[in-house]
1. Considering each of Val92, Val132, Val55 in turn, give the residue that is touching a His at 6+ places or on another chain (Cβ under 8 Å), assigned to a helix (DSSP H, G or I), farther than 17 Å from Ala270 by Cβ and in contact (Cβ under 8 Å) with a residue 60 or more places away in the chain.
2. For Ser239, indicate whether it is surrounded by fewer than 17 Cβ atoms within 10 Å (Cβ to Cβ) and without any contact (Cβ under 8 Å) to a residue 40 or more places away in the chain.
3. Tell me which of these Ser72 doesn't satisfy, since it passes every other one: (1) surrounded by fewer than 21 Cβ atoms within 10 Å (Cβ to Cβ); (2) under 20 Å from Leu125 (Cβ atoms); (3) modelled with pLDDT under 90.
4. In the range 198-217, which residues are under 24 Å from the mean Cα position of the chain (by Cα) and assigned to a helix (DSSP H, G or I)?
5. Would you mind stating whether Arg80 is basic (Lys, Arg), under 30 Å from Ser198 (Cα atoms) and part of a helix (DSSP H, G or I)?
6. Going through the range 4-22 one residue at a time, which ones are crowded, with 19+ Cβ neighbours inside 10 Å, at pLDDT 55 or above and closer than 18 Å to Val127 by Cα?
7. Go through the range 105-121 residue by residue and tally those that are part of a loop (DSSP other than H, G, I, E, B) and within 12 Å of the chain's Cα centre (by Cα).
8. Which pairs turn up if I take residues in the range 251-268 that are free of Cβ contacts under 8 Å to residues at least 40 places away in the same chain and over 18 Å from Met144 (Cα atoms) and look for partners that are in a helix (DSSP H, G or I) and small (Gly, Ala, Ser) with beta carbon separation below 9 Å, at least 6 apart in sequence or on another chain?
Amino acid sequence: MLAMRRPGIAYPKHGTMLAIFLKTLPFFALIGLGWGAGRLRFFPDAATEYLTRFVFYFALSAMLFRFAANLSLAEIFDARFAAAYLAGCLAVYLLATLVARLRRIPATEAAVEAQCAVIGNTGFLGVPLLTVLLGPEAAGPILMVLAIDLIVFSSLITLIITGAREGHLSPRIIKVLAFGLVKNPMIVSMAAGLAVSSAGLSLPAPVEEFMTILGAAATPCALFAIGASLASKTAERLSVALWLSFAKLVLHPVAVAVAALLVFGVEPFAAGVMIAAASLPVAGNVYILARTYGVAPQRVSASILISTVFSIVTVSLVVAWITAA
């Protein structure tokens with residue numbers, strides 16, 4: 001059993017499945033509320049888009065900034081942790097790519113399917129959910145997972161799709177990637193928070209309070225926005241979506257667990273957080289990328305919908321396992 005407990009963190013009693021499920025239920029209930037509002041058209045697509053923008057550019061950025069500003073670089077970045085997470089991700093990424101290519105689909109679609117298999121909803125769901133379930137000390141590892149997802153894999157899919165379409169990689173593509181990373185508010189907020197922490201500065205009380213209030217809006221708004229966005233998702237290409245959901249919810253955390261615990265020997269608590277993050281459903285930004293490039297958006301849409309529904313059980317199972325005594 002994974003002994004990841006740390007003193008001072010109020011884990012659910014005995015780490016039982018029921019206790020964890022009851023802890024996660026309010027989070028998924030918020031997603032369900034958003035879905036209902038979207039399905040009834042009480043919350044139309046335009047409203048969902050603007051709520052998502054608020055979370056992405058303001059509330060979640062404030063939360064990430066506060067976390068990073070109160071952590072040192074050593075508490076976030078660990079080379080062994082990063083290597084383990086990357087190894088687990090790449091194993092599933094390559095498997096998903098291989099399965100796609102065996103079905104004789106183009107490289108661009110294979111890249112999108114591989115993205116579905118390894119990129120979880122760490123920003124909108126993972127950060128608020130796992131810091132509650134695993135305690136505030138989980139923030140550092142979660143930020144590391146989020147940074148790798150944003151920097152490595154968001155860049156990778158862009159390179160693959162662009163390279164496949166143009167037949168080569170030009171300096172222009174590298175420039176676009178660099179500007180995209182610099183403009184991403186989640187990356188900027190984490191970097192700004194680390195800059196404050198590294199300089200040994202403390203946020204003035206009014207700024208700290210402002211960031212706390214704004215960041216507190218991230219959890220309910222993000223979860224509601226996830227649900228509202230799911231209302232427009234369909235379950236087309238069901239067989240492929242089921243495979244990708246299985247890869248994301250089962251194969252990804254298993255591969256990450258093997259890499260973290262058996263290959264790289266990551267510290268148990270950090271390994272547990274990494275495994276929990278890997279168990280999250282397919283991220284909404286994969287759909288945005290698929291729609292932007294015009295590559296299999298319906299397939300991604302179905303994968304997000306199905307993986308989110310099943311994650312109500314699978315995330316609870318994974319968290320119950322890693323927090324068991």
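The values are calculated or read from the model by the stated rules, or taken from the named source; none is laboratory data. Fair warning: this is a prediction, and the values are worked out from it, not measured in the lab. Backbone-built Cβ (ideal geometry, glycine too); neighbour counts: all protein chains shown.
1. Val92
2. Considered against the rule, which asks whether it is surrounded by fewer than 17 Cβ atoms within 10 Å (Cβ to Cβ) and without any contact (Cβ under 8 Å) to a residue 40 or more places away in the chain, Ser239 comes out as yes.
3. In the conditions (1) surrounded by fewer than 21 Cβ atoms within 10 Å (Cβ to Cβ); (2) under 20 Å from Leu125 (Cβ atoms); (3) modelled with pLDDT under 90, Ser72 misses (2) alone.
4. Across the range 198-217, the qualifying residues are Met211, Thr212, Ile213, Leu214, Gly215, Ala216.
5. The answer is yes for Arg80.
6. Passing the criteria: only Ile20.
7. 2
8. Val254/Gly88; Val254/Ala278
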